[in-house]
Structures are given as structure tokens and as C-alpha cells.
Amino acid sequence: MKLNIEGLLVYFPYDYIYPEQYSYMLELKRTLDAKGHGVLEMPSGTGKTISLLSLIVAYQREYPLEVTKLIYCSRTVPEIEKVVEELRKLMEFYSKETGEKNNILALALSSRKNLCVHPEILHANIIVYSYHYLLDPKIADLVSKELSKKSVVVFDEAHNIDNVCIDSMSVNITRRTLDRSQANVETLQNTILKIKETDAAKLKEEYRRLVEGLKEANVARETDIYMSNPVLPDEILQEAVPGSIRTAEHFVGFMKRFLEYLKARLRIHHVVQESAPQFLKDIFEKVCIDRKPLRFCAERLRSLLRTLEIADIADFSAITLISNFATLVSTYSKGFTIIIEPFEDRTPTIANPVLHFSCMDPSIAIKPVFERFQSVIITSGTLSPLDIYPRILDFRPVTVASFTMTLARTCLCPLVVGRGNDQVAMTSKFETREDFAVIRNYGNLLLEMSAIVPDGIVAFFTSYTYMENIVASWYEQGILENVQRNKLIFIETPDAAETSMALEKYQEACENGRGAILLSVARGKVSEGIDFVHHFGRAVIMFGVPYVYTQSRILKARLEYLRDQFQIRENDFLTFDAMRHAAQCVGRAIRGKTDYGLMIFADKRYARADKRGKLPRWIQEHLTDGSLNLTIDETVQLSKHFLRQMAQPFRQEDQLGLSLLTLEQLQSEDMLQKIAQIAHQA
Amino acid sequence: MDDQGCPRCKTTKYRNPSLKLMVNVCGHTLCESCVDMLFVRGSGNCVQCDTPLRKSNFRVQLFEDPAVDKEVEIRKKVLKIYNKRDFDFSNLREYNDYLERVEEIVYNLTNNLEVEGTKQIMEAYQRENRDIIQKNKAKLTREQEELEELLLLEQQGNEQRRLETLQEEQRQLQAKRKSKQALLDELERSHVPATILLAQHKDRAAQLETQIEKQKQVVKTTIFSTGIPMVFEPRAYCPAPGHGWRIQLRTGVSSSHPGCLQWALPSTGLTPQKQRGAQKYEAVNTNSCLRTQITTLLYIGEGAIDRYGWWSKVRPVCICCYFCMILFSFLLK
């Protein structure tokens, strides 16, 4: 259908539209008009992707000078494929409606086999790739350098974007890395000696270039301001390499000294935490390495590898990692911390020294993106509470909005189970984890659910060790046996092959017979990527509140930093993180308006206002006061009632006019009014 | 490190992990006991390369590769002489060339190439640039001290902030507990119906919440980036000077004194002196009622409340305060 959104003609490739899709497109258009950034939360399974694409493509056609490119960033390769499918449908619709051939070029960069499209990027209108191509400074430099300013960047499924930013700027160095780097350095030395004998001119040429201060790869730039490399600020990029690392031998000696220093640092017997300036001071005292040559480490190494014409760069990954670490530690004085641990917390007897150079500030990696591009949209199904993202990513959005699902029938039923039938509180709090009664209550909950819920149930635990403990206890108590009489049980493990096998069999079991139960972990592969549509997931049970491992030193350093810089309390942040994972897990079951599912939060702490308030709006509005702090019996009763209601036939005509609209219905007055109410500004 | 053996008494290192390895100027290692044994006999020659050695030249080995130790030693000595910095040169190119020369010297000395020639170059340089070397040495020590001071200050600042936030949280918890206790006491003792008491308590709790929120938002900065300290003056509602004097009928403006007629007067209209007076004694919160202002004055002890000067220190904010003031001034006269 053809829509008119505040004067813009939008081609929408389906005959029916959801009211919240219209509302979403409206907010999006307003954000683009204001040329600002936006944070939009729309529930999963409501056609977010097609709304985004159709609006931005229409905007591009209407104002080709305002928006030259659309950069769509997604998390995983299957998601990228889905986006490309929708785009194809949209293009077909366009050519059918307008009758003219459209000249929009779309590029998708997914995996290693599909790379090397550099000149085409300059002419493409739509680019689809993964977050890392834009956020990770080492990759962004190569791929996204020439994207113009007047582009719209969309981060889809961006609820974990702060973790992606932090991981891209963090480095972990172990003893093995250092040994491999040592081997690399020796190889470099030998290669240099060899080349000196055969073809000394190459090294001389490189030397001359470094003396003159010319940069490598000076391709003539046709486009305007490109995105700068966040590893090196602009002024430094233009500076020449310092004289102490100009010649190849001096540079190799420099790297040797640096490696020896790192080895000495790793030889400690207690935990050390220090900031980047302290580290630099220490390194200057011990091995007389200055800050400036460290900064140019990565660049100098790249130039050397190119001059020596080393064919297999992958062999030198260890030394590249070290040089990246050197560059990062000398460039940023704030927002990073260095933690050296002689062993891991859980295995205190095994000596495994690790140096964690962790970024505590996600805004460092994403700042260039917000500054260079005129409109950046962050969207996902679970972004609550919405005001935290602008704070931790340090940007000012013009739009912050959360949308709900308009439903003809209430197809989700969130319940908070706080007590067992013996009135013992159910919780995954650390102190009560070993409690026999709590484990038995959890088992009873699963047993009752397996008796009444048809087809598949997915259960999420807070961690692998917790899941193993509970399952072992259940086995001893005989609960597993009873559950198996109703449904089969599959379990997720840290091993990827086993998990995919379990998933496959689970899906097979749901197709035939009485269905199955999948036990998985809240931060695992299943909760991040797999959708459980229709009969694959009729109920999702969240056992406990999925907090991260709170004793980790890196986490503690990060929380301290957040408190000092952004005045975010530690408790608030931990709860926010736990609730967004819980919401992600629970959102796996609903992938559309005809889909329905039970969402069971099995922990008494979910009833508290501070945790409930951090659930996304589209879940919160169905969580009534009467569904808080239920016992197992009450839960079973409510679930039975819900499931029977949902099992009634539900045709599309029932939805028309309420949650599914045709063009005429869309344009009626009261519908437009209702739509205006859907968007809730946070 | 543990898998390295002393080249002389090979077995001793493995058997005794607490034994330290020492390195000398020729770049070869020896364990501590071997060093002692070597100098007991009076002769000081390296085992591997036979160069004459002195006991004082032995240093504890920090790095796995003794060559690196040797290089670091040489580098430190060279840098004591070649300590020019980037501002000593007119452009970046010259500075980089200077750095490269330094590297060449260190490289030659470490690998024992042209040792004599290099030493001569170093001596010549030292003679020519003696005063610059001295100046830079002094500057370096000064800078290091400043850096350490800054780091110390920062650490102290961090500690203080942490303590403050902890204390703040404690205070908030206590305030909440007190208000809950107060509610229970009131319910027990007072004769007012329970619903009204509950409503009052809710109000107070909401006020407390907003106060806490406001405090969280306030980021205390005391100093501008140029170093000029900021003086924070809480200013009441203050229309532009030259504004005419008139009573503004605005209900519910000042919430301080219960029973006060809630009309506010614009401040600048009255008398300029009053304005200036209020400016001087900024400790007095000119937002609150006259009575509170006077009690604050008395408490702070800002000069005696003499008969003629006191009304320059306070400012009436509502109409009943104004009448009170006129009354008092008559009385005191």
C-alpha cells in the first residue's frame, strides 16, 4: 500500500499494516527531519525491519541530497540475511508500483567470502553489515572510512551495544600471546636480515618515506569528511612517525623491550589494578619507553609488514594484538583500566596470569559514529529503561520513544511466581541457592507447567553452574523423572555443536508428539539468537534474575567508573543489565501477533517496583497487580485459563480494525488519534 | 623465568627457586651464589666472554632475556646525557632526527659495534651541551614531582568522593527509616484519622524522593576551567533591575511559614540598599520567611543585630513579613 506520512509518500509492500508500525514510521520521520539521533523501542515480531527500510528508502527518494546512504547494522549473519530478504521484497514492490526501474544499489557485507567491495561502497545507497564494521576501531578504519556525513545509521537489536563497544576496545593478554609474539619478533628480525642482503632498497624506501612523514595508502579522496579512526585522534594521524622507531632494527628492538616488560609484569603473585597513566609511567621507568612511540606502534608494524611483503599476516596476529594494545594504552588516559590477575578466580591453584586492558566507557568507541553521521537510530525490542542509553553512550537524542503492541486479543501473559505451594519464597539469590526447598519448588513449577502447557517450553537459568547444580538436585529428588513422563528434556551446554544438536532435536520433538523442554542459560547462544515461534515456544520460564558474576574485578572497576562519571548507582546498573537479559529471553516466545505465549518470571524479586519498572513497556502493561507474587497453584490456574482462551480459533478478520489495519481504516480519524497515543515518550 | 638455568652451576637454579639471577655489562647471567664465588677468588672475568668485570656492575635480572637488561642499562646511561626534549628543537623533523641518532648510539653500544667511536661522540656531545643537560635534568625532576602530586590529589579526590557518596546513601537510608518510624509513632499517638496521616506521610516521602533526585543531578563544580573559583549564590526570584515596585498576587509562591499570606514582593523594587545588603550576606537564604532569616542571622552571628543595621541584612519576601518588619522597626526606634 502507499502511505502518506506527514507529507512523505511511503511504499509499504504489504496490504495490511499494524498501527504501531505507522506510529514507528512517524517518529522515525520526525527524527530524520530534525537531523538528530533517536532511541526507539518497539516490541519484537511487529515488523520493525520493514518499517525502517520502507520509510528510509522513501525518504531517500524524496530528499536524495539530505540522506545519501543508509547504513544498516545488525548483529548476526542470519539477521543480515533477513534484512536483505525484506529489502528485496520492497524493491519488487517499488518496481511493480512505479513501473520504473529503480536504481538503488544495496550491498551486504557478511562474511569473509563476500568482502572486497571497496569501490562499490562509494556508490551504494544501502549498506548492510555487522556492528563491528562501524564500531571496532581496527576494522572501521579499513571498511567504513569513506562513508559520507549525510548518512543514516541504524543499529538494530542494539540492546547490547554498550557491551559490543566495550569489547571492541578491550584487550586480554596471556602468557601464550606473549610467547607467540616473541616468535613473531624473531621472524621479523630474520626477515629483515635476509632482505638487507638481497634487496636493501625496499627498506631504504620505507625509511625515506617515514622520514618525510608521508602516510601509507594515500588514495585520492573524492568524498567529503570521512570517519576518523577512534584509535588515533585526528592531529596525531597527521604527524610523522617518531625518530626512535624509524629504522626497522630499532623498531624490532623496541618491540622486544616492550614484550619483555609485559612478561615481567605478568610474573606477579597478587592482583594489580592501575590506570593507563600509571602504567605508562611505570613502563618509562623500567624500560625507558616513551608515550609517543607507543602510539605509533600499530601503524609502524603495519608498514613494516607491508614492506617485508609478508604473505601470511594471520601468523602475526599475536604481535598485532600487542601493538594494538600499545596504541590504545598510550592514546587514552581516561576510561580504561588495567587489571593483572595471577590466576582466575575460580581456579586459584592454576597459575594463569592474564592482563586485562578493559574499556570502561562505551562512549569512546561510538563517539565518532555519533559525531560524523547526522542521524543515528538505536532500536530494539528491549531497551528499557530508555534514559540509560543516552547517558552511558553520551549522546543527546531528539527522540526517545517506546511503542507497545496493539493486540486484538492479549497474546502474552506475564506472571511473577514468587512462592511455592509451601509458601517458601522462590529466588535465585546467592544465599538461597543451595536451599533444598527452593530447588524443590522450582522443580515443582517445571513439573506443573510441563503438564499443562502444550508443545515446547523454554526454561532459562542464570548461569551454567547454577543450571548444573539444580538439574543434579532435581535428578536426585526424582523430579526429572516425573517431568520426563510429560515431555522430553533437552539441555544447552557451553559446547556449540552439542547445543545445535539439542536445538534440532528439540524442534523435532515439538513438531511431533507432546513436545519438549529446553533448559538453557540466560546469556548463552540460545537466548541471543534463536526464535521460538508458535509451537516451539508456548511458555518461557525465567528461573531467577540473571545477574552477571558480580565478583569480577573488571565489572567492579566498570561500576565504579559509571558511578563517578555518570552518577549511575551500581545497583541500578546491575538491575538494568539483568532485566534487559531477562526481557530478551522472555521475548523469544512471541514473534508475531498470532503467536501467543506464557512468560513466567520465577523469582520473588521481580515483583518489586524497581525491577518491574525496568521491563519494556509492552510487557509491563500486561503485568497486572494480580499477577505478582503468585504461588505455583495460582500460576497453574491462570495459565490453564490463558491457554484455553488462546486455543480458540483466531482469524485475521478478528484482528482487522484493531491490530491490523487496511489503508482506509488507517486514515480514519479516531485511528489516527489512537496511533498518536501509542508512542510513549520516555 | 624458572626454566632458565645459571650457566655455571646449572642445577642450582632448578633446585632453589628463590635464587636470583644477576646480569652484568656484557649481557651474560650468573646466579647470586656464583657471583659471590667468582669474586671470592679475586678474579673478575665473565664465564662466557672473558671480559673483566666488577662486582658492583652486577644487577638483579628483571627480564627473561639478559640482552634486554643490558640494553636498558645502557639506554638509561645514554638518556642521562641525551636528555633534550621536543621543545628544544625548532621543528618536528629535527627532533625526530635527534631521536634517531640516540637510537643509533644505544644500538651500537649494545651490540658492541664501534664502541670507541660512539663513546667519543657521546663525550663530545656532553661537552658541548653541558648547560642544556643540566637545565633539562632539573626540569625533569620538577615535572615528575608535579605529576606525582597530581596523581596523589586525584587519588585523594576519588577517596573523598567515594566516602561522600557512601555517607549520602547512609543518610538517605536513615531519613527513610526515620520517616517510617515517625509515621508509626503518629498512628499510635495522634487523634487524626489514619487516612489523613497516611496521605501526609506519602507526601513527605514524595518530597524526600524529589530532594534525593535533585541532589543526584547536581554535579558539584567549584572551579572554572581557568582556575577561578565559582561562588554559588542562591538567588531568589529576581526581576530585572529598574523594574517597578508592585505587589504580585501569586498564591502558593513561598512555602515556608505556614499561615503567612502567600504573596510575594519583587525584591529589586524596594530599595537598592536592601538588594546590596542581601547580596553581602549570602549565607542568609533570602528565599525564606523573615522570621527564618532573622533566626539564621542570629545563629550565624553575622554582626550584632543592632537597631539600625539589621534590616539591611534581611529581605522580606512576603507581605506579612513586610508588615512585621515595619512593626519591628517602629518598635526598635
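We did not get these values from a lab; they are worked out from the coordinates using the rules stated. What you are looking at is a predicted structure, and each value in this text was computed from that prediction instead of being measured. Positions of Cβ are generated from backbone atoms using ideal geometry, with glycine treated the same way; all protein chains shown enter the neighbour counts.
Going by how many other Cβ atoms sit within 10 Å of their own, how do A:MET42, A:MET1, B:MET22 line up, fewest first?
The most exposed by this proxy come first: A:MET1, B:MET22, A:MET42.
Shielding by partners for A:567-575, please: the mean number of other protein chain Cβ atoms within 10 Å of each residue's Cβ.
Whole-number average of other-chain Cβ neighbours for A:567-575 is 1.
Go ahead and estimate [θ] at 222 nm for chain A from helices alone: -39,500 (n - 2.57) per DSSP H run with n ≥ 4, summed, over the residue count, rounded to 500.
-14500 deg cm²/dmol
Does anyone have the angle between helix A:276-287 and the longest principal axis of chain A? Alpha-carbon axes, 0 to 90°, nearest 10?
30
Sorted from fewest to most neighbouring beta carbons within 10 Å, what does the list A:ARG558, A:ARG176, A:ARG588 look like?
A:ARG176, A:ARG558, A:ARG588
Report the Cα centroid-to-centroid distance between region B:45-78 and region A:238-271 in angstrom, as an integer.
Taking the Cα centre of each part, region B:45-78 and region A:238-271 sit 19 Å apart.
Which net charge results for the neighbourhood of A:LEU178, defined as the other residues with beta-carbon distances under 14 angstrom from its beta-carbon, given Lys and Arg at +1 and Asp and Glu at -1?
Residues close to A:LEU178 contribute a combined charge of +3.
Taking chain A as the reference, fit the longest principal axis to its C-alpha atoms, fit the long axis of helix A:248-265 to the helix C-alpha atoms, and give the angle between the two in degrees, 0 to 90, nearest 10.
Its long axis makes an angle of about 50 degrees.
Using Cα atoms only, what is the angle between the long axis of helix A:669-678 and the major principal axis of chain A, expressed in degrees (0 to 90) to the nearest 10?
With both axes taken from Cα atoms, the answer is about 60 degrees.
Give me a single rounded figure for A:259-266: the average over its residues of other chain Cβ atoms within 10 Å of their Cβ.
Mean shielding by partner chains, rounded to a whole number: 4.
How many times 2.2 N^0.38 Å is the alpha carbon radius of gyration of region B:35-135?
In units of the globular-protein estimate, region B:35-135 measures up at 1.33.
Rg and Dmax of region B:88-137 over Cα atoms: what are they, in angstrom?
According to the Cα coordinates of region B:88-137, Rg and Dmax are 12.2, 33 Å.
From the cross-link list A:LYS29/A:LYS89; A:LYS614/B:LYS178; A:LYS194/A:LYS281; A:LYS194/B:LYS70, which pairs have alpha carbons spaced over 30 Å apart?
Over 30 Å apart, Cα to Cα: A:LYS194/A:LYS281.
Neighbour counts of other C-beta atoms within 10 Å: give me B:CYS9, B:CYS320, A:CYS510 arranged from fewest to most.
Ordered by Cβ neighbours within 10 Å, fewest first: B:CYS9, B:CYS320, A:CYS510.
Looking at chain A from every direction and averaging, what is the projected area of its Cα convex hull in nm²?
Convex hull of Cα atoms, orientation-averaged projection: 32.6 nm².
Tell me, what does the Kirkwood hydrodynamic radius of region A:1-70 come to in angstroms if you use every pair of distinct C-alpha atoms?
This gives a value of 12.4 Å.
Please compute the volume of the convex hull spanned by the alpha-carbon atoms of region A:549-657 and report it per residue in Å³.
Measuring per residue, one finds 139 Å³ for the Cα hull of region A:549-657.
For region A:140-191, take the convex hull of the Cα atoms, compute a quarter of its surface area, and give me that in nm², please.
Answer in nm², one decimal: 6.4.
Across all directions of projection, what mean area in square nanometres is found for the Cα convex hull of region B:125-186?
The orientation-averaged projected area of the Cα hull of region B:125-186 comes to 4.8 nm².
State the extension gain, in nm to one decimal, for the chain segment bounded by B:GLU128 and B:LEU173, taking 0.36 nm per residue of separation less the distance between their alpha-carbons.
9.2 nm
If you take the square roots of the eigenvalues of the alpha-carbon gyration tensor of region A:458-542 and sort them as a ≥ b ≥ c, do you get rounded (a/c under 1.5), prolate (a/b over b/c) or oblate?
Oblate.
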